[in-house]
Structures are given as C-alpha cells and as structure tokens.
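Below is one structure, written out as structure tokens; comments come after it.
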Amino acid sequence: MNSQVKHSPIKTVNPFTNEIVKEFDVMKPAQIASIIDKADEAFKSWKNTPFSERAKIIHKVATIMRERKEALGALATLEMGKLLAESIYEVELSADIFDYYAEHAEKFLADHPLDVKHGDAFLSYEPIGVLLSVQPWNFPYYQITRSAASNLMAGNTMVLKHASNIPQCAQIMEDIFKDAGLPNGVYTNLFVPGKDVEAIVSNPKIKAVTLTGSKPAGASITAAAGANVKKATLELGGSDPFVVLEDADVSEAVEVSVAGRMWNAGQVCVSPKRVIVPAKMYDEFLAKTKEAFSKLVVGNPMDATTNVAPLCTEKAAEDVVSQIQKAAEQGATIALGGKRVKRTGAFVEPTLITDITPKMDAYFEEIFGPVFMLYQYKDVDEAIEIANATEFGLGGTVFGKDTKKAVEVARRIDTGMVYINHVTGIAPELPFGGTKESGFGREQSIAGIFEFVNAKLIRTTTPDKAY
Ligand code: NAP
C-alpha cells in the first residue's frame, strides 16, 4: 500500500493479500440526516404494517440469503478473512434468525394481560422509532441480523453503521432487504467511521442505540445516549473460561476447546480464551493440546483444507502479537507460536500460552486472535476464582461427564451464558448477552425483542375504583 495516498477509512482490504480492493466515500452529515429523516418517515407506516406483511418480507430476506449463500460467504471471506465454510455457516445462521422472528414476533409481542383487582389492565408492546445499530466486522451478516431481525419485526426502523473494514457486506445486506421488498427507509446503511457516531446518537429522530464491539466504543456510545436520554444496549468483549472437570474425557475437551478457540482465527467474543484444567490432568492436557496444534493448517481462507484464517487486518495481527510479547515479558511461557506467520497476510501463529499469573495483563485482558491460554487449578474453588477473575462476563463452558456437577459449577460462573460440554454457542431461540463489562441487554430469543419496545400499560376501570 502506498502510504502517501490518502485513503478513505471505509474500504475493503483483503487480509489474505493486504491489497485494497474497494473504497467508499464517507457520508456527509447532511446525507446522514436525510437518511435518518427517511427512516423516521418510514416508521410511520412500518409500525402499522401488520405482522403478517412484515413477516413475508423478513422470510424473503432469509430465502434470498440462503439462495446467495456462496456469494455472500465469499464476500465476507474477502473482506475480513474468515474461512469460507465459516462464512457460509454464518449466512445460514442469519437466515434462521430472520425466519425465527418472522415466525414468532407476533406471538411474542401479543398484549400481556395483568392480574388486577378492578377492571382490566394489559401491556401493549409498541415500537419506538428509528434505532441506530453499530456493529463489528467479525460476523459481518450475523451481527446485522441480531438487531435487525427482532427490531424490524417489532415495527422499528433501523440505520446501520457497520465496521469500516466490511463496507461491501454492509451494502449487500441493504440490497437484500430491498430485493426482499422492505419499504424504502426501513433499513439503511450508513458509511461513517466510528468516531462520528456520537453525533448521530444526538439526532432527535434516533430513539435508541445498540452497539456490539469494544469497551471504549461502548462507553462512548452509552455516554452519548445518556446525555440524550436514550436507551442503549451493549454487547462487548469477552474472555470466556472453559473449565474442565476431573471426570472429563481429556481428548474430547482438547478437541472442543482447540477447535473453538481457532474458530474465526480466535476473533469471536465467545471463544474459549482461558482453558482451566485440574492440576492432575495438566500434563496430559498440555501434551494433547500441542498435538492438536500440530495438525492446524494456517493458510488461504478460501481453501477447504485451511483451519486457521488470517486476522481481519494487519493492525489486528500486530495488536495480538504485542499482547503475546507482553505476556512473555511479564513471565508467561509461550509454549507454541507467538509470532507473525512469515507470509503475506494478517496471519498470527496459533499460540499456546501457559504459566499466566494475576501479575500479568494476559490474566485479565481479552486476546482477539488464535491464542489459547492454559491454566491449572487445585480445586473447584480455585477454578471458579480464575474463571471469574476478569471484568468480562460473556460466555463460558464447563466440561465434564457428570452433568449435575457441571451445572453446579456453571451456576458459580459470573457470565451471561454457560454451556456444558460445548463452547458458548448461538441459536435463534437462545438469548445472547453478557454481564459485568461484557455489556447489558439481550439479543435473540423472546428476550431480544423486548429491548426496544415500549411496554405500554393500558388500564380500563371505573373512576371510583381507579388506583
Ligand atoms: P470496535 O472498535 O469497538 O468496533 C465495533 C463497531 O463500533 C465498529 O462499527 C466501529 O466502527 C464502531 N466504533 C468504534 N469506535 C466507536 C466510537 N467511539 N463510538 C461509536 N462507535 C464506534 O470493536 P472491534 O475491536 O473492531 O471488535 C471487536 C470487539 O467486539 C471485541 O472486544 C469483541 O469481543 C467484541 N464483540 C462482542 C460481541 C458480543 O456479542 N458481545 C460480538 C462480536 C464482537 P469503525 O469500524 O468505523 O471503527
């Protein structure tokens, strides 16, 4: 890349080749204001469009995504580097989420009668207007879907600010909504860099904000939302613990945790970033993890034999390597990997770190790359202490044969989601979200559709009985 040329911040740079593929102009404030005006105008009719009509369009979105899954998958891989099979899986998952809300939204948002002494009272769930959705690059389609499917079915309209490194994925989703017959203005993409989002939040026609991303972005957007008295939900980072119990099958636990950690080259908020095993199992676990690492193939994400993709950008790869170096300087052992892969592209070697202590930053930080951190514990209390040591509280895993015991351990982990014998997963009908600094609010499932509706009380009674 020629550093003398001034490039747009919004562009596709293929992380496998580091070549600029396409650039997009940043939208001007007047253009953004006009898009928000149109979204507000569209809300007036979309909110009154029957659920059955909305559902037809949203089902059509799902159908189109499935029909175009190969092309959509290839585009996500081009823009942010993930393995093609993972990209295609993401398209299918997103289609399932659109179908799920198209099928269930009307039932979820039906009037809710309240048990009252006199007369009648019920809650009427009503859409609130234009929602600003700010999303990251690591799941280009799924991240859009999580807020769009529920909210469009609820009758809200949406402006979407996607990450600056995946503009074509952002654009193609807007095109799909149009092709599915969504009225103009109901969903529109904004090409703006993150630093300009605060100003958008203060537009009076934006009624609420949802962001998935890092803590600094979350803090900035909630400060702006607070200053303007608007609701916000946040889905932030995570450092999921993967607690292995003494009765676990070691080979199985290694296989699941290593595959989970290498998914999307480790750039998953709910990735098993800290694997915590009993001291008596440690040597065997370490040896088997090294063996599993020896089978990893780093390479072209379009190639079906590759299982570790490049990271999303050169900067992301550099950031991960400097976190690994810092861990080494602070005394951790880099048992495998730790460096950039010697080839073009945003690659980082699959890395195994051990001997991490609370004196090191790695003990508390999220590392967003193919970095497997292995801990050992004496007893379950210590395992829980390690699991809960970070400020993150997103997902987690307990791995063991005795499900009852595993559930008891799961109850003690301070996160929004814990899976038994599986890395933190995703399904349309399961709520997704965290606690502590991983954010607040839920997406997906019945819970997700209630975040941005007004639960309005409607009360009928005779005047003398009203209280
Ligand atoms: P990021 O920098 O916060 O970017 C996420 C989005 O926020 C992008 O659209 C970005 O725009 C925008 N943004 C950046 N600064 C902003 C600001 N000051 N105000 C408003 N918007 C701003 O996040 P990232 O580092 O790329 O993404 C990875 C993080 O997201 C990780 O911590 C990961 O764990 C988390 N994540 C969480 C979930 C979850 O569900 N909990 C899911 C996926 C990822 P630009 O691209 O223009 O900067």
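The values are calculated or read from the model by the stated rules, or taken from the named source; none is laboratory data. Predicted, not measured: the structure shown is a model, and the values here were computed from it. Don't worry about glycine lacking a Cβ; one is built from the backbone with ideal geometry, like all the others, and counts go over all protein chains shown. Keep in mind that these areas ignore ligands, DNA and RNA; they rest on the heavy atoms of the full protein, side chains included. Shrake-Rupley method; radii C 1.70, N 1.55, O 1.52, S 1.80 Å.
Only residues that are under 21 Å from K436 (Cβ atoms) and either open to solvent by less than 10 Å² (accessible area, probe 1.4 Å) or at pLDDT below 95 (or both) were counted in segment 361-374, giving 3.
Let's see how each residue does on (1) β-branched (V, I, T); (2) more than 14 Å from the ligand (Cβ to nearest atom); (3) more than 13 Å from the chain's Cα centre (by Cα):
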site: C169; (1), (2), (3): no, no, yes
site: A180; (1), (2), (3): no, yes, yes
site: N189; (1), (2), (3): no, no, yes
site: K205; (1), (2), (3): no, yes, yes
site: P216; (1), (2), (3): no, no, yes
site: T233; (1), (2), (3): yes, no, no
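Would segment 384-394 turn up any residue that is part of a loop (DSSP other than H, G, I, E, B) and away from the ligand (no atom under 13 Å from the Cβ)? Within segment 384-394 (the criterion being part of a loop (DSSP other than H, G, I, E, B) and away from the ligand (no atom under 13 Å from the Cβ)), the answer is yes, since at least one residue qualifies. Is it the case that segment 68-87 has a residue that's away from the ligand (no atom under 16 Å from the Cβ), over 27 Å from the mean Cα position of the chain (by Cα), open to solvent by 50 Å² or more (accessible area, probe 1.4 Å) and in contact (Cβ under 8 Å) with a residue 40 or more places away in the chain? Checked segment 68-87: no residue is away from the ligand (no atom under 16 Å from the Cβ), over 27 Å from the mean Cα position of the chain (by Cα), open to solvent by 50 Å² or more (accessible area, probe 1.4 Å) and in contact (Cβ under 8 Å) with a residue 40 or more places away in the chain. Among the residues making up segment 304-329, those that are open to solvent by 70 Å² or more (accessible area, probe 1.4 Å) and away from the ligand (no atom under 16 Å from the Cβ) are A304, T305, Q325, K326, E329. The residue list F98, F139 contains one member that is touching a helix residue (DSSP H, G or I) at 6+ places or on another chain (Cβ under 6 Å), assigned to a loop (DSSP other than H, G, I, E, B), open to solvent by less than 40 Å² (accessible area, probe 1.4 Å) and aromatic (F, W, Y), which is F139. Considering only residues in segment 145-162 that are free of Cβ contacts under 8 Å to residues at least 60 places away in the same chain and either part of a loop (DSSP other than H, G, I, E, B) or near the ligand (Cβ under 10 Å from one of its atoms) (or both), the one that is farthest from L311 (Cα to Cα) turns out to be L160.
Scan segment 115-167 for residues that are more than 18 Å from L72 (Cα to Cα), touching a Pro at 6+ places or on another chain (Cβ under 6 Å) and aliphatic (A, V, I, L, M) and the total you get is 1.
The number of residues in segment 6-65 that are of a type in the set (K, R), loosely packed, with under 14 Cβ neighbours inside 10 Å and farther than 20 Å from M158 by Cβ comes to 2.
Only one of the listed residues (T397, T344, T351, T390) is in the same structural domain as R274 (by TED's automatic domain parsing), more than 20 Å from the chain's Cα centre (by Cα) and open to solvent by less than 10 Å² (accessible area, probe 1.4 Å). That residue is T351. Kindly indicate whether any position in segment 428-445 is modelled with pLDDT of 95 or more, away from the ligand (no atom under 15 Å from the Cβ) and surrounded by 22 or more Cβ atoms within 10 Å (Cβ to Cβ). No, there is no match, as no residue in segment 428-445 is modelled with pLDDT of 95 or more, away from the ligand (no atom under 15 Å from the Cβ) and surrounded by 22 or more Cβ atoms within 10 Å (Cβ to Cβ). Here V116 clears all of (1) assigned to a helix (DSSP H, G or I); (2) in contact with a Lys or Arg (Cβ under 9 Å, 6 or more places away or on another chain) except the condition numbered (1). For segment 197-213, enumerate the residues that are in contact (Cβ under 8 Å) with a residue 40 or more places away in the chain and of a type outside the set (A, V, I, L, M, F, W, C). N203, K205, K207, T210, T212, G213, listed by residue number.
In segment 79-135, what residues are at pLDDT 95 or above and β-branched (V, I, T)? The answer is I88, V91, I97, I128, V130, V134.
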